[in-house]
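The values are calculated or read from the model by the stated rules, or taken from the named source; none is laboratory data. These figures come from a predicted structure and were not determined experimentally. For neighbour counting, all protein chains shown are included, and Cβ atoms are generated from backbone atoms with ideal geometry for every residue, glycine included.
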Amino acid sequence: MIYRGDEEPGSVEATPKEPGATTKGTPGGSHRREATAQPKVETAIACPINETLVLILGSGPSLSGAQPIMLNADPTLPGKAPVVSWPLVDSKGRASHGFVALVFTGPLKGQRLNAVTFRGQGRALSYRVLPDLMRPAALAATIGDLAGPGTPAVVDAIVGMLSQGPMSRRKLAAMTALVEAGAKADGFIEIIGAFEDGDVYLQGWSQEMMPGVSRVLIGGATPQIAECTAAAFDRQDLNNSGKGFAAVLVAPEPIDPFGMQRVYVRSRDGWRYADVYEQRLLASPRDTPGYARAILPKLRGPAEVIGRLRDAAYRYEGLDTVSSLALPVRMAIDHALRIEQGGLLISGWLLDPDHRVGAIRLRRRQASVDLKPVWSRTDRPDVTRAFDGKAPFLSQLDPDRHGHGFVAFVPDFDPDGSAPVYIEFVIPHAPPAYLPVVPKRVSYREAVTRQLKSISARAISVSEIVERQLIPLVASAATKPAGVEGIEHVGVPSPGGADTTLVIGLDGQTADATTLIALMALDPQIRTAPIVLAGPEQTIAELRGEIRRLADFYGLSIDLVGVSAFSDVFDALIVGADVARTDRVVLFSAALVPAERGWLGRLRAAHLEHDAFSIISPALIYEDDSIRWAGYRLSSEEGGLAENYVGYPAATLDAITPAATPAANLECCILSKAAMASLGQEGYGYLGNREKGLDLALRLAKAGLKAWWLPGVRVLGAEAPADSVNPWEMHARSVDRAVFNARWAETLTAMAHAEAA
């Protein structure tokens with residue numbers, strides 16, 4: 001802060017000292033030092049704008065443009081300040097001009113601004129900044145005294161300086177106060193209409209407002225700066241003392257029509273303002289275009305201005321106007337799905353056999369996306385049958401052409417759902433038509449699933465939809481970090497001295513977790529270990545009674561953990577590990593089954609042989625005693641990573657010793673709890689568990705964990721065979737594989753080259 005929070009600018013219209021007046025040098029200086037040429041120190045007044053910007057008012061020689069400056073007479077605090085200068089109406093002494101400089105005080109780092117030195121034009125002009133502060137309104141009044149008839153031009157230049165760079169509410173309030181001090185009343189605003197995109201329509205009367213495009217200031221609850229496009233029309237009720245105007249205001253942020261109180265406009269002889277009439281009419285977005293259309297035939301102004309106002313008169317009104325077109329054009333939306341991160345997946349059909357529509361834009365507020373270049377087309381013979389021979393499609397539709405469907409994913413669109421979404425039809429030589437879109441908020445997994453199931457999995461267009469729409473959708477998805485919804489302990493107290501916790505992760509597909517717990521309870525090593533059972537809150541709630549009964553019967557110590565923002569079993573495992581009270585955890589997916597007793601102890605013993613920066617997984621075996629997972633190997637020919645011994649008989653593992661692997665299997669592994677923290681809160685989107693688990697394992701490896709697999713410890717894990725997977729699930733797997741390759745191919749290739757070297 002350049003001034004303390006309790007230092008409020010004074011309301012007194014302080015002015016600089018008499019031009020030419022100086023402050024004396026430091027008392028006690030020698031006569032010899034006084035004889036040395038010293039720069040004269042004038043006084044100046046500060047008008048704070050915000051925490052790091054201040055306007056400095058002073059007098060002296062003519063200054064213009066950006067001037068090099070020094071703050072507080074400190075050579076280590078240089079800078080540049082734009083300066084507005086004008087001839088004084090009553091110049092005295094050496095000062096011929098007044099000036100206002102916009103000084104950035106960030107380098108002061110909270111110190112008070114005491115002095116400013118202008119170092120341009122081969123001279124140094126030093127000014128001591130007076131401790132009394134000035135408000136923007138008082139500054140404007142003082143400039144009026146010093147600049148006289150030149151005041152409007154000076155205020156314009158200061159407002160221009162302030163309008164550069166990032167805008168803030170305090171800066172806008174200062175600009176409004178400067179303009180307001182010298183502005184004159186000029187008419188009233190009688191109609192204020194809101195558009196769906198946040199712009200505002202105004203209608204009223206004025207004496208000086210000129211047709212054209214200009215910059216205006218909006219005064220009210222939220223000061224804003226806006227571009228104003230205005231045209232005039234005759235008003236007989238004004239008796240030639242003024243004229244009506246219609247205008248559209250466009251600002252970087254949506255304009256609040258209810259908080260608007262006054263609009264400041266720059267006229268030929270200075271700033272004017274039109275107040276909002278007390279009995280003004282406030283029009284809703286559905287009614288505003290109608291008011292603009294009603295006055296359109298009477299407007300006068302440049303062709304560009306009339307064109308802009310005509311566009312405003314035919315803006316979106318929240319209604320479907322496509323269905324009432326006389327042209328042979330129709331559209332419908334099957335679904336519009338808003339993904340958590342703000343992307344929009346939209347699917348529907350467009351029937352336009354004569355190609356009457358020029359562009360089709362998906363819009364919200366000031367955002368617009370042309371759908372034609374980004375969508376994928378699909379066959380919709382049902383649409384052909386429904387409209388063939390019916391008005392307005394009286395001519396026969398081509399029976400062999402059914403490509404009316406479309407699918408489009410638009411990333412970073414409608415991030416918060418705060419603005420209406422609609423489709424705009426651009427039709428040559430005719431007003432646009434509109435179709436409302438009402439997105440439904442869904443997870444990225446639900447969006448992809450619905451889209452794949454809505455079309456034939458064997459359709460020719462599916463591959464393109466997967467490639468152009470669904471892969472980018474999943475690749476851009478960033479899942480919310482899962483958290484703890486609730487914890488409940490059941491069974492016996494946690495065993496003292498235990499150093500390893502068994503974390504069992506559930507998901508919505510878990511068939512019978514109670515059977516798994518009962519089976520594990522037969523292993524003495526598990527009965528003496530603390531257990532965390534984590535999963536979706538609803539699943540935990542359904543299992544709570546039965547798990548409590550089993551824990552009491554077998555003497556188990558179980559913490560039931562409900563997981564919020566749950567998406568898959570790995571969320572349950574990560575949250576469950578975070579809840580564990582021991583430094584070592586064993587992650588175990590509830591989709592697996594122990595193949596024998598003692599497996600937990602052997603995993604623990606193997607981990608004790610390594611340091612804390614290791615992660616160890618057992619081998620996974622199918623129910624037919626064939627190998628499902630036995631570690632990975634780096635391969636430049638198989639996408640960077642290949643699996644060992646898949647499909648081989650489990651007996652193959654008998655002669656194999658424990659070995660390193662590029663990545664562990666997080667479905668079942670042992671590692672330190674601290675190592676799990678390296679996964680952080682960031683999550684990546686996948687449709688299934690396979691690639692997500694591998695993604696997480698590679699992130700652990702990238703964080704420095706050395707991965708091993710134990711052929712002597714085996715766990716049963718079933719997986720749906722490829723021939724039983726339905727077609728849309730196969731497409732989902734291809735999406736995951738493409739997303740995984742995009743994220744990890746370069747890293748895996750580098751790892752393979754490093755190993756080969």
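Points to keep in mind about this one:
- Unmet criterion (only one of (1) surrounded by 13 or more Cβ atoms within 10 Å (Cβ to Cβ); (2) at pLDDT below 95; (3) over 43 Å from the mean Cα position of the chain (by Cα)) for Gly640: (3)
- Only one of Leu113, Leu133 that is surrounded by 15 or more Cβ atoms within 10 Å (Cβ to Cβ), part of a strand (DSSP E or B), aliphatic (A, V, I, L, M) and in contact with a strand residue (DSSP E or B) (Cβ under 7 Å, 6 or more places away or on another chain): Leu133
- Within region 63-94, the set of residues being in a loop (DSSP other than H, G, I, E, B) and free of Cβ contacts under 8 Å to residues at least 24 places away in the same chain comprises Ser64, Asp74, Pro75, Thr76.
- Total residues in region 522-541, condition outside any strand (DSSP E or B) and more than 17 Å from Val492 (Cβ to Cβ): 5
- Any hit, region 683-700, residues being outside any helix (DSSP H, G or I), outside the structural domain of Tyr444 (by TED's automatic domain parsing) and either over 22 Å from Ala742 (Cα atoms) or at pLDDT 95 or above (or both): no
- Residue in region 198-216 that is at pLDDT below 95 and within 27 Å of the chain's Cα centre (by Cα) present: yes
- Among the residues of region 593-620, the ones that are over 38 Å from the mean Cα position of the chain (by Cα) and among the polar types (S, T, N, Q) come to 1 in all.
- Meets criteria (aliphatic (A, V, I, L, M), touching a strand residue (DSSP E or B) at 6+ places or on another chain (Cβ under 8 Å) and closer than 11 Å to Gly187 by Cα) for Val263: yes
- Given (1) at negative phi; (2) in contact (Cβ under 8 Å) with a residue 40 or more places away in the chain; (3) assigned to a helix (DSSP H, G or I), index of the condition Gly144 fails: (2)
- Test: Leu556 is under 19 Å from His489 (Cβ atoms), at pLDDT below 95 and surrounded by 14 or more Cβ atoms within 10 Å (Cβ to Cβ): no
- Here is the figure for region 195-228: residues that are over 17 Å from Ala294 (Cα atoms) and part of a strand (DSSP E or B) total 15.
- All conditions but one from (1) on the phi < 0 side of the Ramachandran plot; (2) touching a helix residue (DSSP H, G or I) at 6+ places or on another chain (Cβ under 9 Å) apply to Gly704; the one that does not is (1).
- Residues that are surrounded by 13 or more Cβ atoms within 10 Å (Cβ to Cβ) and under 24 Å from Leu178 (Cα atoms) within region 67-94 comprise Gln67, Lys80, Ala81, Pro82, Val83, Val84, Ser85, Trp86, Pro87, Leu88, Val89, Ser91, listed in sequence order.
- Positions within region 95-111 being within 14 Å of Ala44 (Cβ to Cβ) and not hydrophobic (A, V, I, L, M, F, W, C), in sequence order: His97, Gly98, Thr105
- Unique match (being touching a helix residue (DSSP H, G or I) at 6+ places or on another chain (Cβ under 9 Å) and under 19 Å from Gly187 (Cβ atoms)) among Asp269, Asp237, Asp275: Asp269
- In region 275-314, residue farthest from the chain's Cα centre (by Cα) [restricted to those that are in a strand (DSSP E or B) and not acidic (Asp, Glu)]: Arg300
- Selection of region 545-596 for residues being free of Cβ contacts under 8 Å to residues at least 40 places away in the same chain and of a type in the set (Asp, Glu) yields only Glu546.
- Region 517-544: number of residues that are over 19 Å from Glu485 (Cβ atoms) and either free of Cβ contacts under 8 Å to residues at least 60 places away in the same chain or buried (at least 21 other Cβ atoms within 10 Å of the Cβ) (or both): 9
- Enumerated strands (runs of 3 or more DSSP E) restricted to region 364-419, each holding at least 1 residues that are of a type in the set (S, T, N, Q) and either surrounded by fewer than 17 Cβ atoms within 10 Å (Cβ to Cβ) or modelled with pLDDT of 85 or more (or both): 367-370, 376-378
- Test: residue in region 227-238 that is without any contact (Cβ under 8 Å) to a residue 40 or more places away in the chain, under 30 Å from Leu53 (Cβ atoms) and surrounded by fewer than 18 Cβ atoms within 10 Å (Cβ to Cβ): yes
- Residue that is surrounded by the most Cβ atoms within 10 Å (Cβ to Cβ), among those in region 568-592 that are of a type in the set (Asp, Glu) and under 34 Å from the mean Cα position of the chain (by Cα): Asp571
- Taken together, Gly182, Gly110, Gly93, Gly160 contain a single residue that is at pLDDT below 95 and closer than 20 Å to Gly60 by Cα, which is Gly93.
- Qualifying positions in region 204-261 - among the polar types (S, T, N, Q) and farther than 20 Å from Met161 by Cα: Ser206, Gln207, Thr222, Thr229, Gln236, Asn239, Asn240, Ser241, Gln261
- For Met161, the criteria (1) among the hydrophobic types (A, V, I, L, M, F, W, C); (2) touching a Ser or Thr at 6+ places or on another chain (Cβ under 9 Å); (3) closer than 30 Å to Asp269 by Cα hold in every case but one, which is (2).
- Breaking point among (1) closer than 21 Å to Asn50 by Cβ; (2) surrounded by 15 or more Cβ atoms within 10 Å (Cβ to Cβ), for Phe118: (1)
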